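Visitor: Structure below; questions to follow.
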Amino acid sequence: MHALTEAAIRRSLVNCSRSEAAALALPRDFAELDWASLDVLGWRDPKAELRGYLVHEQDGEPVGIALRAADTTMSSRRSAMCLLCHAVQSADAISLFTARRVGEAGRNGNTVGTYVCADLDCASRVRVVPPSAQHLDEELQSLAVEEQAAGLRQRLRAFTADVTRR
């Protein structure tokens with residue numbers, strides 16, 4: 001992912017108003033981000049605990065989606081899978097996020113929802129060698145990680161298409 005400025009991130013948000021984009025709080029570690037290792041920038045708004053944001057590149061341009069987390073969490077005694085990065089975690093580490101659709105549909109209250117890592121840190125999870133590939137040599141492990149990252153990017157494009165569908 002290319003390095004983005006604060007203004008570029010705010011402009012990239014497709015499903016919120018300018019005033020909502022202006023009010024968002026960037027991640028605390030924004031100045032130290034390693035942009036080259038990110039497939040998606042995801043964070044929870046430190047000023048509003050139920051708000052979150054995902055920003056990724058699509059066709060060379062940044063696309064941002066504002067999200068709202070569910071008020072409740074799932075049981076920690078179960079496992080759940082993030083539908084973006086496919087990480088399996090304790091169910092309380094996965095949250096239902098909804099995104100308002102763009103345009104008239106969004107103004108009418110239509111949303112799209114999916115289960116995502118509660119901390120929205122899918123980018124770091126896809127960069128970990130999966131257990132099924134840990135016995136392989138370094139080159140094959142690297143291919144397995146890249147396959148996970150490609151899957152994340154593909155699922156992000158599909159989710160973005162759902163949000164932007166009019």
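Throughout, read-outs are computed from the coordinates displayed, never taken from laboratory work. Every value quoted in this text rests on a predicted model; they were computed, and no experiment measured them. Neighbour counts run over all protein chains shown; Cβ positions are idealised from the backbone, glycine included.
Visitor: Rounding to the nearest 10 and keeping the result within 0 to 90°, find how far the Cα-based axis of helix 138-164 lies from the longest principal axis of the chain.
Guide: Tilt of helix 138-164: around 20 degrees.
Visitor: Sequence gap at least 6, Cα distance under 8 Å: using those rules, report the relative contact order of segment 8-92 to the nearest whole percent.
Guide: Reported relative contact order: 23 percent.
Visitor: Then there's this: Please turn the phi angles of segment 53-63 into ³J(HN,Hα) values with the Karplus equation 6.51 cos²θ - 1.76 cosθ + 1.60 (θ = phi - 60°), one per residue in order, whole Hz, x for glycine and proline.
Guide: With coefficients 6.51, -1.76 and 1.60, one gets 9, 10, 10, 9, 9, 9, 6, x, 10, x, 10 Hz.
Visitor: With the crude spin-label approximation of a point 7 Å out along Cα→Cβ, what separation in nm comes out for GLU139 versus THR111?
Guide: 4.8 nm
Visitor: Among ALA36, PRO46, HIS135, whose Cα projects farthest towards the positive end of the dipole of the chain, with charges put on the beta-carbon of Lys, Arg (+1) and Asp, Glu (-1)?
Guide: Checking the options against the dipole of the chain, the answer is PRO46.
Visitor: Would you calculate, for the chain, the mean residue ellipticity at 222 nm contributed by helices, counting each DSSP H stretch of 4 or more residues as -39,500 (n - 2.57) and dividing by all residues, to the nearest 500?
Guide: About -8500 deg cm²/dmol.
Visitor: Suppose R0 equals 22 Å. What FRET efficiency, 1/(1 + (r/R0)^6) with r the Cβ-Cβ distance, do GLU49 and ASP92 give to the nearest 0.05?
Guide: Efficiency at R0 = 22 Å is approximately 0.90.
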